[in-house]
Amino acid sequence: AAFKLQASATPYYMDEVVDIVTETKLEAPAPVQKKKPAKKVKKANPAHKEGIFSPAVYAAKAVMGESELNQFRAKAISMHTKVIGGFVGTHDSPVGNAVAKTLYLAIDANGDGVLCEDEVKEGMKTLGFSWIQEKQVKGIVKRADKDKNGTIDYEEFKNDLPKTLKTNLTKLAKKNGADLGFLV
């Protein structure tokens, strides 16, 4: 049992204090309420690494909330994808033709006027498409090689370039966004 010291009595000796304490009983204290466990904070996707912009993304999450930030991010990604599509859509313009020809000549490492699988693979790596594997290179060459001679001439390259560029520029944008910390 717990005891309470009476405020009205002013004891002078220890035995008076003991008498006062033993005479005054208190009720048992109310049981202590256990705190509810804190909500688990959703951890970032481990595939999304920290980057230079991560602090800004965390601040935006705190201000906007995760749901609103995700909607904003989806809209920004959609707009960026449209920009990539618009850029790739210029392939038939005079500037687009000049870019395609310059790119083709740069990828044609041996200068024989056609692109083999190795040249396509190296060209993709040079453009920053580091995820391109042998299987994908074979698929690109197979899709572009309309005359089925195992190489890509300039016309085949020019016709396939928009699809290959759009797909891989979009992947590159996502990779760069993750590297910079936009996806945490």
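Look at the Cα gyration tensor of region 102-149: its axes a ≥ b ≥ c give a/c of at least 1.5 with a/b at or below b/c, and that counts as oblate. Sorted largest first by accessible area at a 1.4 angstrom probe radius, with every protein chain in place, the residues LYS146, LYS49 fall in the order LYS146, LYS49.
Spatial offset of region 87-112 relative to region 146-184 amounts to 13 Å, using the alpha carbon center of each.
Distance between the pseudo-spin-label points of GLU66 and ALA109 (7 Å out from Cα toward the beta carbon): 4.5 nm.
The values are calculated or read from the model by the stated rules, or taken from the named source; none is laboratory data. Note that the structure is a prediction, hence the values are computed from the model and not measured. Glycine also receives a Cβ, built like all others from the backbone with ideal geometry; neighbour counts cover every protein chain displayed. Calculation scope for accessible area: heavy atoms of the full protein, side chains included, ligands and nucleic acids excluded. Shrake-Rupley method; radii C 1.70, N 1.55, O 1.52, S 1.80 Å.
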